[in-house]
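First the structure, in the form of structure tokens, and then the observations on it.
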Amino acid sequence: MKKTAHIILFFLAVVAIAAMAAPGEQSLRRKARYYYLEGARKQAEGNMPQAYEYYKKAYMTDSSYVEAASAYGMNRLMVQTDSMQSGRQLMRSLALMRPYVEMYPADEYESRSYAFVASRLDTLPEAIRVYERLDSLKPGNGMNLLQLADAYMASRQPEKALQTLDRFELTEGKSPQLSLKKMSFMLAKGDTLAAVAEADTLIASNPHEPSFRILKGNLYEVIGDNDSTLAAYKEAERISPDNGAAKLALANYYKAAGDSVAYDSKVYEALLSEDFELEDKLSLLSEYLQTLLDDSSDTARGDHLFSVLQEQYPHEPKVLDLAARYSGAKGDFKDAEEQIEYAIDLDPSNIEYWGSLMRFQLADDRGADAVATYRRALQHVETTDPLRLMYASAATMAKDYGEAEKAYAELIHSVLPGLPLTDSITDSRTRTQLSYDGLTRMNSLYTMLGDMYYTSGDLDKTFKAYDNALYFLPSSPMTLNNYAYFLAENDGDIDRAEKMSREAIDQEPENETYLDTYAWVLFKKKNYKEALEYQTKALETAKAAGTAENAEFYSHLGDIQFMNGQPKEALENWKKALELEPGDALLKKKVTHKTFFFE
């Protein structure tokens with residue numbers, strides 16, 4: 001929008017014009033000017049909704065006041081409603097801006113803004129007309145030339161676009177950004193030779209700059225000339241052997257080519273390079289470490305890289321944070337906690353680090369420690385919903401159910417104050433206050449609340465919380481699944497449980513947890529044959545997803561097989577379940593006596 005200096009000049013110009021106008025017109029202009037200046041003031045304060053209303057009043061009061069019309073038109077473009085963003089209304093906003101640009105064509109800011117909007121509304125001839133006029137009035141202005149070149153290119157006039165960029169280069173000099181733009185225009189018109197020649201010209205301007213050769217390699221990659229791509233990247237590395245960007249370019253090349261050995265070697269070299277920005281190193285290291293973890297590779301190389309990185313950046317919390325996440329991914333929660341604690345010592349105001357520490361403690365089944373961490377964090381940071389949600393999980397794990405309930409209540413009431421936790425929500429208007437995302441959030445919170453109540457042993461509150469969860473989102477598969485399973489486990493309404501569980505797997509037929517629940521509900525209904533079918537599918541699905549290390553899957557399968565007259569197979573699966581849950585007394589009893597027991 002217009003700067004303060006513009007407003008003052010416009011104000012003086014309007015005063016001069018108003019002096020020659022009729023009394024009634026002067027009165028309207030004064031009122032419009034007042035609204036316009038109030039809009040400018042509100043805009044300077046950052047209060048855009050009020051600025052919009054004042055600009056609108058200014059225009060409605062005096063539609064011939066071009067400054068107000070332009071400001072109103074520009075602000076209309078920012079009103080995010082479907083009606084205001086329709087093609088017809090967008091063109092009206094553009095039309096409101098035009099009179100000012102025609103009256104003051106040399107105003108670069110307003111002319112460029114108008115032309116930019118015109119180009120985005122597919123009125124390219126109008127955009128080019130204004131850019132060309134501005135170029136004639138302010139020749140050699142770099143910003144004008146760049147936008148004019150883009151407009152020419154968008155209107156499929158590549159020759160004019162390139163000529164305009166050449167003029168820009170005469171004024172501003174050669175740069176990699178400009179060469180990249182020129183090469184993209186040349187490639188768009190199919191002139192690969194010209195694009196390569198432009199890359200060579202850039203290299204000739206500074207033959208010892210490796211990034212220019214990397215840019216040429218990128219160009220060859222786009223063209224599809226793999227040999228030339230590799231040669232350009234290698235040349236960049238030859239010129240600057242310690243250049244991290246050159247090594248990264250080579251690493252990405254080898255990765256795309258499927259040469260894992262060469263990729264591993266170049267990544268390793270890049271990460272050990274001193275000539276590489278920390279943010280780039282962290283990004284690359286994160287990807288590299290994930291490769292090691294996914295391939296079950298020897299992680300000693302990753303450990304060594306961290307030691308080197310910490311020598312390079314001994315007091316950098318971001319390095320410690322990544323080291324902690326790496327240890328956590330390996331299952332070494334003790335080391336993960338130690339690393340993130342160091343990061344917290346260096347940057348205690350970073351809420352993400354506190355959240356990471358709580359996650360490591362929860363993953364290590366140390367709910368009480370996570371609770372203590374949350375309370376310590378509050379001495380340094382303002383809590384957030386994700387942190388409070390972790391606190392609720394930690395309190396549940398620590399069996400501090402009162403604190404967990406309090407945390408869930410705070411989360412629920414932050415969306416809709418005064419809602420009951422377990423009393424039925426009956427007012428249908430409650431739902432209408434929320435967007436779909438809001439409904440989903442409330443459903444999740446009440447479902448988690450129900451899970452907490454179940455863990456605490458309060459079945460009555462469990463089912464009431466689930467009812468409220470379904471009030472907000474009746475088709476939520478997770479709520480339906482959990483509700484159905486707990487009903488089946490506790491001799492509840494088994495027919496309702498079957499209906500809900502069936503609805504959950506109809507929505508997600510490949511969800512192993514939902515399949516397991518449905519099989520268990522069928523088992524409780526003594527429909528053993530169909531239960532075996534679904535439990536077998538649940539385990540097969542879990543194995544395919546890599547989530548089969550779940551004692552409950554094998555325990556349920558054993559029970560169902562026993563009831564289907566397959567005691568030998570049942571015993572094998574009970575043993576597998578016991579290996580995963582060696583402290584389960586009921587499983588021990590089944591394995592020892594080789595028979596099924598309800599309790």
Under a Cβ-Cβ cut-off of 12 Å, what is the net charge of the residues other than ASP364 that fall near it, where Lys and Arg count +1 and Asp and Glu count -1? -2
Leaving out ligands and nucleic acids, and using a 1.4 Å probe, what accessible area per residue does segment 133-196 come to in Å²? 51 Å²
Could you go through segment 308-325 in sequence order and give the Karplus-derived ³J(HN,Hα) for each residue, using 6.51 cos²θ - 1.76 cosθ + 1.60 with θ = phi - 60°, rounded to whole Hz, and x for Gly and Pro? 5, 5, 6, 5, 6, 10, x, 10, 9, x, 5, 5, 5, 4, 5, 4, 5, 5
Students often get this wrong, so check it: of LYS189/LYS216; LYS524/LYS589; LYS181/LYS255; LYS499/LYS594; LYS464/LYS529, which have C-alpha atoms separated by over 23 Å? LYS181/LYS255; LYS499/LYS594; LYS464/LYS529
Classified through the alpha carbon gyration tensor (a ≥ b ≥ c as square roots of its eigenvalues; rounded if a/c is under 1.5, else prolate when a/b is larger than b/c, else oblate), segment 160-255 comes out oblate
Degrees, to the nearest 10: 158-172 long Cα axis against longest axis of the chain: 80 degrees
At 1.567 mPa s and 4 °C, plugging the Kirkwood radius over alpha-carbon pairs of segment 458-599 into Stokes-Einstein gives what diffusion coefficient in µm²/s? 84 µm²/s
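Per residue of the chain, what 222 nm ellipticity follows from adding -39500 (n - 2.57) for every DSSP H run with n ≥ 4, rounded to the nearest 500? Provide the component values of the computation, followed by the final result.
Details: 33 runs with 460 residues, N = 599.
Value at 222 nm, helices only: -24500 deg cm²/dmol.
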Farthest towards the positive end of the dipole of the chain, among GLN339, LEU124, VAL267 and with Cβ unit charges of +1 on Lys and Arg and -1 on Asp and Glu, lies the Cα of LEU124
If packing is taken as the average number of other Cβ atoms within 10 Å across a peptide's residues, how do 61-69, 129-137 rank, most packed first? 61-69, 129-137
What percent does the relative contact order of segment 264-338 come to when contacts are Cα pairs within less than 8 Å and at least six residues apart? 24 percent
Need one word for segment 278-436: rounded, prolate or oblate. Basis is the Cα gyration tensor (sqrt eigenvalues a ≥ b ≥ c); a/c below 1.5 gives rounded, then a/b vs b/c decides. prolate
Taking Lys and Arg as +1 and Asp and Glu as -1, residues besides SER240 with C-beta under 14 Å from its C-beta add up to -3
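So what is the relative contact order of segment 350-402, in percent, for Cα pairs below 8 Å that sit 6 or more residues apart?
42 percent
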Relative packing of 445-451, 121-127, 259-265, which averages over residues the other C-beta atoms within 10 Å, highest first: 445-451, 121-127, 259-265
Karplus 3J(HN,Hα) series, Hz, for segment 489-497 with 6.51 cos²θ - 1.76 cosθ + 1.60 (x for Gly, Pro): 5, 10, 6, x, 5, 5, 5, 5, 4
Could you give me the ³J(HN,Hα) list for segment 219-229, computed from phi with Karplus coefficients 6.51, -1.76, 1.60 and θ = phi - 60°, whole Hz, x at Gly and Pro? 4, 4, 5, 5, 5, x, 9, 5, 4, 5, 4
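Computed FRET efficiency, Cβ-Cβ of GLU540 and LYS138, R0 60 Å: what is it to the nearest 0.05? All intermediate terms of the calculation are to be shown ahead of the outcome.
On the way: r = 71 Å, r/R0 = 1.18.
For R0 = 60 Å, the calculated efficiency reads 0.25.
In square nanometres, what is one fourth of the surface area of the convex hull spanned by the alpha carbons of segment 58-164? Let's see the in-between values first.
Values: hull surface 27.1 nm².
Over all viewing directions, segment 58-164 projects a mean Cα-hull area of 6.8 nm².
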Charges at C-beta only: +1 for Lys and Arg, -1 for Asp and Glu. How large is the resulting dipole of the chain about its Cα centre, in Debye rounded to 20? 2640 debye
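Just to verify a number: FRET efficiency for ILE351 and LEU193, C-beta to C-beta distance, R0 = 56 Å, to 0.05?
It comes to 0.55.
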Using the Cα gyration tensor of segment 521-599, with a ≥ b ≥ c the square roots of its eigenvalues, what is the shape: rounded (a/c below 1.5), prolate (a/b larger than b/c) or oblate (neither)? oblate
Accessible surface of the chain [probe 1.4 Å, protein heavy atoms]: carbon and sulfur percent: 52 percent
Geometric extent, Cα atoms of segment 422-494 - Rg, Dmax (angstrom): 12.0, 36
Taking the chain and dividing mean pair separation by its residue count, relative contact order in percent (alpha carbons under 8 Å, at least six apart): 4 percent
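Of THR192, THR373, THR171, which has the most accessible area and how do the rest follow, probe 1.4 Å?
Greatest to least solvent exposure: THR171, THR192, THR373.
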Mind checking the full-extension length gain between ALA257 and ASN226? Use 0.36 nm per residue of separation minus the Cα-Cα distance, one decimal, nm. 10.2 nm
Can you give the direction-averaged projected area of the convex hull of the alpha-carbon atoms in segment 215-315, in nm²? 6.5 nm²
How much length would be gained if the chain were fully extended between ASN527 and SER428, taking 0.36 nm per residue of separation minus their Cα-Cα distance, in nm to one decimal? 31.8 nm
The equivalent-ellipsoid semi-axes of the chain, taken as the square roots of five times the Cα gyration tensor eigenvalues and listed largest first in whole Å, are 59, 39, 24
Mind listing the long-range amide H neighbours of ASP275? Cut-off is under 5 Å, sequence gap 5 or more, other chains count too, H placed in the peptide plane at 1.01 Å from N. GLY244
Are there chymotrypsin sites (Phe, Trp or Tyr not before Pro) in segment 146-202 that DSSP marks as loop and that have at most 13 other Cβ atoms within 10 Å, and which are they? none
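The values are calculated or read from the model by the stated rules, or taken from the named source; none is laboratory data. Keep in mind it's a predicted model, so treat the numbers as computed, not measured. Backbone-built Cβ (ideal geometry, glycine too); neighbour counts: all protein chains shown. Note: accessible area is taken over every heavy atom of the protein model, side chains too, but ligands, DNA and RNA are not part of it. Shrake-Rupley method; radii C 1.70, N 1.55, O 1.52, S 1.80 Å.
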